[in-house]
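One structure is given here, and the rest of the page talks about it.
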Amino acid sequence: MRVARYIVFFAAFLMAAPALAQDENPVKAPSAASPGFLQQSTASHPERIILAWYKGAGKKPEFEKWAALSPFLDNAKDSDIAPIISRETNRLLRAYAEFDDTAPLVVHTALKLDDYSTINNQLNFDEFSPKTFFAYSLYGENIAVVPRDIKNFSTIPLTKEKMDVLLAKARGSNITGELLLKPALADASAPFQHNGRDYMLLLTDIAEINFWTDRPDSPELLWTWRADWYQPKIDQTLLNLKPVNVP
């Protein structure tokens, strides 16, 4: 899912999101050690997004209803419909039971490098505002993933020299933004409407943001930021490695 949407948040979100002072900006220079460990992650499938909301809300999905809407039924023979629904129902039951809510959700979104201020030495992103959310729809369910405090990444401090290097590596203005998001609150109180659809809200905390070149076959890391509280499993595995004494 690479498309951001915008909404005015309702009271439940405003109460959940802590207010920040206007001059507070948590964006820091990336750690020099981080890029060496990073590889672009696959964007989370809409099914995972929807399961994350149901897990967070403490609700059990109607698995048979979801299975009856499975894409596997497209162009299926009449004799195959019942077995497919049964198979998908069982698969969804397992997916829900085994869902790992400690693993972050991965969102990919298209960004542009065409708004750089040489006066302020900063890169600006209109895509990251207090109204930003990412919309997902599957099985008749609509979920809006809201990254808390995403507005703090609307400006990235960057010198002109570093910006020139970034543009040279990107080979243009188009890049891919990768957000790793930890689910924080699944609001089951009431849906909100956007463009004629009802959406349920999934508030998330930003664990990591990466900017990649827009080359799917060979993406190159351009910039990275990681929250202090987030420790990826792959990094922990590398830290736990011990040297082996070879005679």
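Here, each number is a calculation from the coordinates, and none is a lab measurement. If you're wondering where the values come from, they're calculated on a predicted model, not measured in any experiment. All Cβ positions, glycine included, derive from the backbone under ideal geometry; neighbour counts span all protein chains shown.
Just to be sure, is residue 180 farther than 17 Å from residue 208 by Cα and in a strand (DSSP E or B)?
It is false that residue 180 is farther than 17 Å from residue 208 by Cα and in a strand (DSSP E or B).
Checking residue 79 against (1) of a type outside the set (A, V, I, L, M, F, W, C); (2) touching a helix residue (DSSP H, G or I) at 6+ places or on another chain (Cβ under 8 Å); (3) part of a helix (DSSP H, G or I), which test does it fail?
(2)
Which of the residues belonging to the stretch 145-185 are more than 16 Å from the chain's Cα centre (by Cα) and without any contact (Cβ under 8 Å) to a residue 24 or more places away in the chain?
Matches in the stretch 145-185: 161, 162, 164, 165, 168.
Any idea which of (1) in contact with a Ser or Thr (Cβ under 8 Å, 6 or more places away or on another chain); (2) surrounded by fewer than 20 Cβ atoms within 10 Å (Cβ to Cβ) is the one residue 175 doesn't satisfy?
Looking at each condition in turn, residue 175 falls short on (2).
Restricting the search to the stretch 47-75, which residues are without any contact (Cβ under 8 Å) to a residue 12 or more places away in the chain and either of a type in the set (D, E, K, R) or in contact with a Lys or Arg (Cβ under 7 Å, 6 or more places away or on another chain) (or both)?
Scanning the stretch 47-75 gives 62, 74.
Please tell me if residue 128 is free of Cβ contacts under 8 Å to residues at least 60 places away in the same chain and either crowded, with 18+ Cβ neighbours inside 10 Å or under 14 Å from the mean Cα position of the chain (by Cα) (or both).
yes
Which one of 170, 144, 188 is closer than 20 Å to residue 44 by Cβ and either of a type in the set (Gly, Ala, Ser) or touching a strand residue (DSSP E or B) at 6+ places or on another chain (Cβ under 7 Å) (or both)?
144
Within the bounds of the stretch 157-176, is there any residue that is among the charged types (D, E, K, R), under 25 Å from residue 200 (Cα atoms) and not in a strand (DSSP E or B)?
Checking the stretch 157-176: not a single residue is among the charged types (D, E, K, R), under 25 Å from residue 200 (Cα atoms) and not in a strand (DSSP E or B).
Mind checking which residues of the stretch 159-206 are out of contact with any Leu (no Cβ under 7 Å at 6 or more places or on another chain) and closer than 23 Å to residue 119 by Cα?
Across the stretch 159-206, the qualifying residues are 159, 160, 161, 162, 164, 165, 168, 172, 174.
Which of the residues spanning the stretch 153-172 are in contact with an Asp or Glu (Cβ under 9 Å, 6 or more places away or on another chain) and crowded, with 17+ Cβ neighbours inside 10 Å?
Initially, the stretch 153-172 is screened for residues in contact with an Asp or Glu (Cβ under 9 Å, 6 or more places away or on another chain), giving 154, 169-172.
Answer for the stretch 153-172, where residues must be in contact with an Asp or Glu (Cβ under 9 Å, 6 or more places away or on another chain) and crowded, with 17+ Cβ neighbours inside 10 Å: 154, 170.
Within the stretch 193-213, can you find the residues that are among the acidic types (Asp, Glu) and buried (at least 20 other Cβ atoms within 10 Å of the Cβ)? Quick ask: steps written out before the conclusion?
Of the stretch 193-213, the ones among the acidic types (Asp, Glu) are 198, 205, 208.
Result: 208, single match.
Could you check, for the stretch 161-170, whether at least one of its residues is closer than 30 Å to residue 62 by Cα and of a type in the set (A, V, I, L, M)?
No: the stretch 161-170 contains no residue that is closer than 30 Å to residue 62 by Cα and of a type in the set (A, V, I, L, M).
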